[in-house]
1. Rounded to the nearest 10 degrees, what's the angle between the helix 70-87 long axis and the longest principal axis of the chain, both from Cα atoms, 0 to 90?
2. If you fit an axis through the alpha-carbon atoms of helix 34-48 and take the longest principal axis of the Cα set of the chain, what angle between them do you get, 0 to 90°, nearest 10?
3. Along the Cα-to-Cβ line of residue 69, 7 Å from the Cα, sits a label point; which residues in the stretch 1-24 have backbone N less than 20 Å from it?
4. Two decimals is fine: what is log10 I(q)/I(0) at q = 0.15, 0.25 Å⁻¹ for the chain, from a Debye sum with one equal scatterer on every Cα and no solvent?
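The numbers here are math on the coordinates, done by the rules we state, and not lab data. As the structure is a prediction and not an experimental result, all values here were calculated from the model. For neighbour counting, all protein chains shown are included, and Cβ atoms are generated from backbone atoms with ideal geometry for every residue, glycine included.
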């Protein structure tokens, strides 16, 4: 199971994906507090689907913004930390 952090036109969506199929999603409305909201929202998505964090193999980021866009950098930092923690 994976989570995709999608950033499109400054809107942020978390998607829970299993075998290429979207099972659930959450929209994050306030991009200006993403650094405070992203991990709790990921946790909410996981719990809402009766899962444990150990079941999430990878977090990916897809963004239509460039890499210097702060929202993209925050999402990438969270995904990289999560994925590093899974490999350690």
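1. Result, in degrees: 30.
2. 20 degrees
3. Counting only backbone N, you get 3-16.
4. -0.50, -1.40
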